[in-house]
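The values are calculated or read from the model by the stated rules, or taken from the named source; none is laboratory data. The structure displayed is predicted, hence computed values, not measured ones. Here the Cβ positions follow ideal geometry from the backbone for every residue, glycine too, while neighbour counts run over all protein chains shown.
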Amino acid sequence: MTAPDRACGILLHPTSLPSPFGIGDLGDAAFAWIDMLAAAEQSFWQFLPLGPAGEHGSPYHSACSFAGNPLLVSPQKLFEAGLLTKTELSGFPNLSHDMVDFAGVAREKERLFRAAFGRFKKQNELLAFCETEQSWLDKYTFFCAAKRQQGGKPWSGWERNLMMGEPSALEAFGRAYPDELLYHAFLQYCFFEQWAAVRDYAKSNSVWLIGDVPIYVALDGVDAWANPDLFEFDGDRNPLRVSGVPPDYFSATGQLWGNPLYKWDVMRSDGYAWWVARVKRSLDFADLVRLDHFRGLESYWAVPSGSPTAENGEWVKGPGMDLFNAIRDAIGGLPFIAEDLGVITDEVIGLRNEAGLVGMRVLQFGFDGEPYNPHLPYNIPADSVVYTGTHDNDTTVGWLDTLAGADRRRVEEYLGARAAATAEDIIRLAYASNAGLCIIPFQDVLGLGSAARMNTPARAEGNWRWRCTGRDFVGGKLARVKEFAAVYGRGRPAAES
């Protein structure tokens, strides 16, 4: 399967797919979605990180860089495998169909997953999976089981011997809770099996998958707990400095993300082995990977731990090309999209160019009146991916609704519009641009307003919840972008004979 030089696709996270189980999953809707993309001349499906979601459902605060999100496991597929009954499926409560209730979904899916685990008989296959994935799975299953046993507290609040990962404590815990460890391994086995089926189906339909690697890991997660030497911790494993960004477009006080920062000098000493493994895992899930907050690999904003906002941080040099050379040597290439948004310097641009990566352009950022704005359609180069907006932006309808005065006039004069600009007009601009790849959030294809926004940066709660409804999820909704694909030369390549 060869990616086309000029193409298009849709951004839709699997949690947003329709399903009767309160959250999108890897069931029939994922396969139907691939059919819809192929029929609409879309060559790419982009999604957010697939790891276990963090607090409030954020895929960018995952508990593990190497695991899949158990909430994406399809109960319907478990039923088809003989692990659930019709009564159990029909007994699932009627949760919201258009917004994810993460707590409710976790509670109700846990009940089904426990029942499925009790019926699972392929022990040899599960043990083989555990052996293959041992490098991360042992610590992951321990973390999940210990967190449950410790009442859900973050690992920094566990009993000290568990918090510090003392071998004798880990061995004793494993002897005390072997079934709990195996249960969490079972959920990963199910995720990997179901995602492999989705990926194979995408490949058979010539749909490329674009994944996402968050630059940082969650403080309360397996990566930080199991690899403390790789992070800026003191002797008691408290973070010395944490991640964020300075005041920007989204927040006057910056964004205080709170993730632990890497000890890049330590990572360099073993050839960035942890990062290489992380990238390899991401490429198990996708064909290309978007590198979140790419600029942080050139220089990153370090905020003293305990700071109330991100204002008092400082820029610190990142690993730069040294990291990309190590990854290229390990995997033979750099199949990345650089999320080069935000405060971008000549050094960041230089790193992206030296690594040979495509960057991102977002039309919502383009109309500030500056003729050299890199997000204006006529300034967008071919070696980039153009978006109407990203998961961090308002929907295009919502954005247009906020424009007034000179801002609105700039958009409509650019369009030559005789009437009010629409989301379809902005989508057309993206398709018509010189960017090699055009990705449109599905909310924009549907023409939805701000209520369908996926994430509002600097807001802790209420994000990541939007879902398609059954009414949205029909092939005809993609008819207009199918037409644009033909008009602007982004259609799928002819099948190889």
**OP:** Within the range 382-390, identify whether any single residue is over 23 Å from the mean Cα position of the chain (by Cα), buried (at least 17 other Cβ atoms within 10 Å of the Cβ) and over 27 Å from Thr253 (Cβ atoms), and answer yes or no.
**Re:** no
Subject >> Residue, modelled with the highest pLDDT, within the range 323-358, restricted to residues that are assigned to a loop (DSSP other than H, G, I, E, B) and more than 18 Å from Val289 (Cβ to Cβ) >> reply: Thr345
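Residues checked against (1) surrounded by fewer than 20 Cβ atoms within 10 Å (Cβ to Cβ); (2) under 30 Å from Lys122 (Cβ atoms):
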residue: Leu182; (1), (2): yes, yes
residue: Ile210; (1), (2): no, no
residue: Ala218; (1), (2): no, no
residue: Gly235; (1), (2): yes, no
residue: Pro239; (1), (2): no, no
residue: Val276; (1), (2): yes, no
Original post:
For residues in the range 412-427 being surrounded by fewer than 22 Cβ atoms within 10 Å (Cβ to Cβ) and closer than 24 Å to Asn455 by Cα, which is farthest from the chain's Cα centre (by Cα)?
Top reply: Ala421
Original post:
Regarding Val198, is this residue in a strand (DSSP E or B), touching a residue at least 60 places away in the same chain (Cβ under 8 Å), under 22 Å from Gly51 (Cα atoms) and not acidic (Asp, Glu)?
Top reply: no
**OP:** Please state which one of Ser269, Ser305 is surrounded by fewer than 22 Cβ atoms within 10 Å (Cβ to Cβ), touching a residue at least 40 places away in the same chain (Cβ under 8 Å) and more than 26 Å from Val358 (Cα to Cα).
**Re:** Ser305
**OP:** Name every residue in the range 112-129 that is buried (at least 18 other Cβ atoms within 10 Å of the Cβ) and either within 20 Å of Arg278 (Cβ to Cβ) or of a type in the set (S, T, N, Q) (or both), in order of residue number.
**Re:** Phe129
Original post:
Of all residues in the range 56-106, which are within 19 Å of the chain's Cα centre (by Cα), surrounded by fewer than 17 Cβ atoms within 10 Å (Cβ to Cβ) and either of a type in the set (Lys, Arg) or part of a loop (DSSP other than H, G, I, E, B) (or both)?
Top reply: Asp101
Original post:
Does Ser269 satisfy the condition of being polar (S, T, N, Q) and under 17 Å from Phe336 (Cβ atoms)?
Top reply: no
Subject >> Ala38 vs. criteria in contact with a Pro (Cβ under 7 Å, 6 or more places away or on another chain) and either assigned to a helix (DSSP H, G or I) or at pLDDT 95 or above (or both) >> reply: no
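Residues are listed down the side, and each one gets a yes or a no for (1) on the phi > 0 side of the Ramachandran plot; (2) in contact (Cβ under 8 Å) with a residue 40 or more places away in the chain:
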position	(1), (2)
Lys109	no, yes
Gln123	no, no
Glu131	no, no
Phe142	no, no
Gln149	no, no
Phe191	no, yes
Ser206	yes, yes
Subject >> Only listed residue being over 18 Å from His13 (Cα atoms), touching a Ser or Thr at 6+ places or on another chain (Cβ under 8 Å) and among the charged types (D, E, K, R), chosen from Asp401, Asp407, Asp444, Asp394 >> reply: Asp401
Original post:
Among the listed residues Leu376, Leu363, which satisfies the condition of being crowded, with 20+ Cβ neighbours inside 10 Å, farther than 17 Å from His293 by Cα and touching a residue at least 60 places away in the same chain (Cβ under 8 Å)?
Top reply: Leu363
